[in-house]
Every structure is written in C-alpha cells, then in structure tokens.
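Report on the structure given below.
Values in this text are rule-based calculations from the coordinates and carry no lab data. Computed from a predicted structure; not experimentally measured. Note that we place each Cβ from the backbone using ideal geometry, even for glycine, and neighbour counts take in every protein chain shown.
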Amino acid sequence: MTLAGLSTALASGRVGAVEALDAMVARVQALNPQINVVVAKDYERARIRAAKVDQARANGDRLAPLAGVPITIKDSLMTEGLTTTSGAPELADFVPDHDSAPVAALKGAGANVFAKTNLPIWAGDVQSYNEVYGTSNNPWDLTRSVGGSSGGSAGALAAEFTPIEVGSDIAGSIRNPAAMCGVVGHKPSYGIVSAKGQIPGPPGTLTQADIAVVGPMGRTAADCETALQILAGADDWHRSAWSLTLPPARTRTLDGLRVALWADDAYCPVDPQISGAINSLGEDLEANGAMVDAAARPVGVDFAKADQTFWNLLGGALSGGWSPGEIEQMARAEANGETTSGGLGVTGATMRHRGWLSNNERRLQMRERWRQFFEQYDVVLAPVSPTVAIPHDHSEPQSDRMIDVAGNQRPYHTQMQWMGLFGLAYLPATAVPIGVHSNGLPIGMQIVGPFLEDLTCLAAAHSIEQVTGGTRRPPGW
C-alpha cells in the first residue's frame with residue numbers, strides 16, 4: 001500500500017496497526033537477506049506501540065493522521081532507543097536517547113518506526129555499503145548499487161518494506177537513490193526541514209551544513225507531499241516567532257504547465273536512453289496541454305561555472321570531516337600541483353574563508369538568475385544522473401573510480417553534477433521514475449522548481465505519474 005492507502009485503511013479499521021506491522025516485518029524477514037537494506041530492527045517495541053494504537057482506536061480515541069503506519073528510517077537520523085550508526089564502526093553501539101527532528105515529526109504524526117535502513121559511512125557516497133552492515137543490493141538487479149547515500153531508504157521503498165522514508169541530500173543523496181531504485185524522492189528547498197539530530201556531524205552537532213537538506217521519499221508524489229507537510233516548518237531556533245506556509249502549487253494539472261526541458265548538456269553528457277526518455281516525456285506533456293521549451297535556460301547560469309561553484313561550496317561544507325593537519329597537508333599538496341587523495345570536494349575543503357565568500361556570492365548571483373527564470377517557467381525537467389544504477393564498486397579512493405555512460409568512461413563524481421547544478425541554488429527538486437532502460441533498470445528524472453515552491457514540483461510530479469504510470473514493482477518482487 002501507499003502511505004495514503006495504508007493510513008486510510010488504518011483509520012477506517014479495515015487494517016489493524018499490529019496487522020500492518022506484522023505484515024511488513026514478515027516481508028522484511030523473507031526478502032531483506034537478498035538486498036540487505038534494512039539493518040537495525042526495533043520489532044518488539046514497535047509491536048507494543050502498534051497494540052496501543054489498536055486499543056486507542058477501539059476506544060474511539062482521536063488519533064494522529066499516520067497512527068500505526070509502520071515505517072523505516074535512514075540510519076543517519078538519530079532514533080530514540082534504536083542503534084544509529086551512520087555506517088561508522090565507531091558508532092556501531094550508539095543508541096540515542098532522543099529522536100532527530102525529522103523522526104520526532106513523523107512520530108508526532110503517528111508513524112511507527114520499526115527499523116533503520118542502510119547507507120554509506122557518514123552518508124558520504126552514492127553507493128550504500130559500510131563495515132557495520134555490509135552492502136545493499138538493488139532490487140532491480142542485485143549486482144547493482146541502490147545508490148546513496150539514502151540507498152537503503154530507496155531500496156526499502158522499492159522492495160515495499162515501508163510506505164515512506166526520510167533521506168538526506170547534499171550532493172544528491174535523495175535524488176540519486178530514488179532514481180537508481182525507481183521510486184520518488186523530494187529534495188526540499190534549503191532550510192525548510194530541520195535536520196537537527198542527523199549524523200554527520202557527530203551526535204550532538206547543531207550545525208546544519210550548507211546545501212544539505214532532509215526530505216521525504218516514497219512510491220508516489222502524493223505520499224511525499226504528505227510527508228513534507230509533516231516535516232517542514234520552523235526549527236527549534238525559530239519556532240517561537242516563525243511559522244512556514246509553503247506557497248500552493250502554481251498548477252495541479254498539465255494543461256498550461258510551463259516546462260523547460262534540459263535533457264542533456266555537453267558539459268555532462270548523459271546516456272542517450274535517459275535524455276531520450278526525458279525528451280519523449282516532453283512530447284507527451286505537450287500533448288496533454290503543457291507548454292514545453294527544450295531550449296530555455298536561465299541567462300547567466302553556466303553549467304561549468306555552476307559545477308565548479310558547487311564543488312567548492314560542497315568542499316567547504318564537508319571540510320569538518322578532515323582534521324586541521326589533514327587540511328593543511330592537502331592545501332600544501334594542491335599548492336605544489338599534486339593530486340590529493342582526500343576524496344571528492346577537496347579543493348573546496350582547503351580554500352580560505354575569502355574564497356568561500358567569493359563562491360557564495362557567485363551562488364547568490366545564480367539564485368537570482370533562477371528566480372528570474374521561474375517568472376517565465378514553472379518547472380525544469382532534467383536528468384538525475386548521467387547513468388542508471390551502477391555496478392558495485394568499492395575501490396578506493398572514490399575519486400579514482402569511473403562509471404560507464406553509454407560505453408564511455410566518465411569520472412565517478414559526474415553522477416552528482418546534474419544534482420549539484422540545482423542543489424547549489426537551494427532549489428527544490430523531485431526525482432521521479434519515467435521509464436525503464438534497455439538493460440532493465442529504472443530511469444529517473446528530476447523536476448526542479450522555484451525556491452520554496454516545493455508543492456509546484458510535487459504537483460508536477462503527480463501529474464507526470466499519470467502519464468508515465470509512476471513507480472513500478474521491480475521484476476520478481
């Protein structure tokens with residue numbers, strides 16, 4: 001069931017909370033060994049909570065909208081009483097005594113967290129594997145990655161272990177795995193969902209990193225919209241004075257929707273089957289009344305410059321992951337023209353604050369260009385990644401890995417370039433499945449909208465699902 005279907009069935013009493021949990025747990029126990037996406041489990045406490053919901057409903061008590069809905073949660077989000085590792089061996093036994101803000105919000109709406117889902121160590125890869133829990137496999141092809149960092153979340157949705165999930169995204173960690181596993185993932189506008197209690201940084205960190213967001217993942221755009229409305233709002237710092245009301249969707253139909261199509265680019269070429277699927281969809285949308293422009297681009301936003309700015313600011317946001325001594329060592333190596341092995345985003349990690357200010361101003365100039373662009377267009381349709389789900393590759397360092405894009409070898413980090421283009425500017429983006437590649441793997445696309453107009457992205461995603469058929473069950477599942 002979708003989140004909407006299950007919550008309705010629970011509210012009507014057609015399905016019991018214990019019944020729903022037991023069915024979900026049975027499915028996980030039977031099928032998870034093949035894909036290893038569900039990791040830490042909390043079945044006993046979840047069953048106690050479910051029984052209380054059933055009793056309250058029998059008593060005629062008023063219940064929260066998601067009361068009794070069993071869900072899984074990404075293992076980077078602190079969950080009270082449930083091991084939360086962020087894939088790091090040093091946190092293998094860490095059991096938080098309180099919930100992260102996103103988990104607390106979903107629990108407040110009645111959701112019943114019964115397990116955690118896998119990810120890369122410190123949520124730092126576009127594959128999901130670590131020394132604590134091992135490797136997660138894609139339900140569409142066990143030899144392929146589920147993506148990352150919210151790969152376990154996407155895999156659990158594709159395998160129907162949960163109706164909703166929560167992912168995090170700084171360089172595509174919601175959108176990449178959603179596309180790799182053929183589900184829906186929404187990267188919110190920066191700052192509208194509190195990420196307090198997410199790891200990294202270390203447990204107790206209060207900083208919300210630049211570009212980084214937390215957002216919903218599901219099998220339908222409608223479910224993601226429901227979850228976003230629960231998750232979004234002022235954080236602890238601002239709640240006493242501020243509230244958030246997201247603007248309504250500009251339109252909830254395809255008729256008149258103003259679409260800019262950015263299906264490919266010489267700076268980051270994509271698999272022709274992906275660009276072809278996006279272009280074909282553009283024709284279908286036009287046939288359904290949308291106004292589609294395949295040449296529209298924001299004036300003054302150059303992909304190459306945006307990409308360099310993204311990596312610089314991403315490096316700055318991630319620089320806390322290296323010690324001061326390591327940063328200085330990398331800076332000296334770069335000054336000497338040497339290649340460092342510190343991973344992706346190293347250049348930004350070593351820049352001086354003056355450099356960060358320059359890159360931030362460049363980003364703000366691009367944000368203004370995007371604001372002007374969205375006066376003429378409602379959404380941009382673009383690839384999530386140059387390729388579909390990649391084969392497992394755990395070689396080190398990450399920066400030396402390569403991916404195959406329609407027979408061409410490309411650097412590993414190019415998987416993030418299309419996502420960085422929009423994440424850099426704090427724009428909301430909804431990843432949706434739009435078809436299946438000839439190799440049998442799902443093709444995803446991102447729907448990008450104006451800052452704070454997340455509901456426009458999600459409404460467009462819902463309309464597009466009516467054309468494409470939306471999320472499909474992986475063969476054999």
Val299, Val214, Val95 arranged by Cβ crowding within 10 Å, fewest neighbours leading: Val299, Val95, Val214
Here the Cα Rg-to-2.2 N^0.38 Å ratio for segment 394-477 is 1.32
Relative exposure of Lys41, Lys305, judged by other C-beta atoms within 10 Å (fewest first): Lys305, Lys41
Using θ = phi - 60° and Karplus 6.51 cos²θ - 1.76 cosθ + 1.60, couplings along segment 127-137 (whole Hz; Gly, Pro as x): 10, 10, 7, 6, 6, 6, 10, x, 9, 9, 9
Binned Cα-Cα distances of segment 3-231, short to long, each 10 Å bin given as a whole percent: 9, 37, 38, 14, 1
What nm value, rounded to one decimal, do you get for the distance between Glu286 and Ala56 when each label is placed 7 Å out toward the C-beta? 5.2 nm
Taking Rh as the Kirkwood radius computed over C-alpha pairs, what is the Stokes-Einstein D of the chain at 4 °C in a medium of viscosity 1.567 mPa s, expressed in µm² per second? 58 µm²/s
Quickly work out the Thr8-to-His353 label distance, labels modelled 7 Å from Cα along the C-beta direction, and quote it in nm with one decimal. 5.4 nm
In order through segment 56-69: 3J(HN,Hα) via Karplus (6.51 cos²θ - 1.76 cosθ + 1.60), integer Hz, x for Gly, Pro: 4, 5, 5, 7, x, 5, 6, 10, 5, x, 10, 3, x, 6
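Would you kindly state how much longer the chain becomes between Arg239 and Ser395 on full extension, computed as 0.36 nm times their sequence separation minus their alpha carbon distance, in nm to one decimal? Write out the running numbers ahead of the final one.
Details: separation 156, 0.36 × 156 = 56.16 nm, distance 4.45 nm.
Fully extending the segment from Arg239 to Ser395 adds 51.7 nm.
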Segment 258-468: relative contact order from alpha carbon pairs under 8 Å, six or more residues apart, as a whole percent, is 26 percent
Which of Val53, Met78, Gly289, positive extreme of dipole for the chain (C-beta unit charges): Val53
Taking the Cα-to-Cβ direction at Asp255 and at Asn279 and moving 7 Å from each Cα, how far apart do the two end points lie in nm? 3.0 nm
Tell me, in nm to one decimal, what length is gained between Ala296 and Gln409 on full extension, where the rule is 0.36 nm per residue of separation less the Cα-Cα distance? 37.8 nm
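Any chance you could run the full-extension gain for Ala304 through Ser323? It's 0.36 nm times the residue separation minus the Cα-Cα distance, nm to one decimal. Provide the component values of the computation, followed by the final result.
Numbers: separation 19, 0.36 × 19 = 6.84 nm, distance 2.98 nm.
Using 0.36 nm per residue and subtracting the Cα-Cα distance, I get 3.9 nm.
Too long at a 22 Å Cα-Cα cut-off: which of Lys52/Lys107; Lys196/Lys305; Lys74/Lys187?
On the way: Lys52/Lys107 14 Å; Lys196/Lys305 31 Å; Lys74/Lys187 15 Å.
Violating the 22 Å Cα-Cα cut-off are Lys196/Lys305.
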Please name whichever of Gly5, Gln308, Ile199 sits farthest to the positive end of the charge dipole of the chain, dipole taken about the Cα centre and charges placed at Cβ: Lys and Arg +1, Asp and Glu -1. Gly5
Between Leu31, Ser150, Pro163, whose Cα lies farthest towards the positive end of the dipole of segment 3-231 when Lys and Arg beta carbons carry +1 and Asp and Glu beta carbons carry -1, centred on the Cα centre? Pro163
Charges at C-beta only: +1 for Lys and Arg, -1 for Asp and Glu. How large is the resulting dipole of the chain about its Cα centre, in Debye rounded to 20? 760 debye
Given charges at beta-carbon only (K, R positive; D, E negative), |dipole| of segment 252-318 in Debye: 300 debye
So what's the gap between the Cα centers of segment 264-315 and segment 91-144, to the nearest angstrom? 31 Å
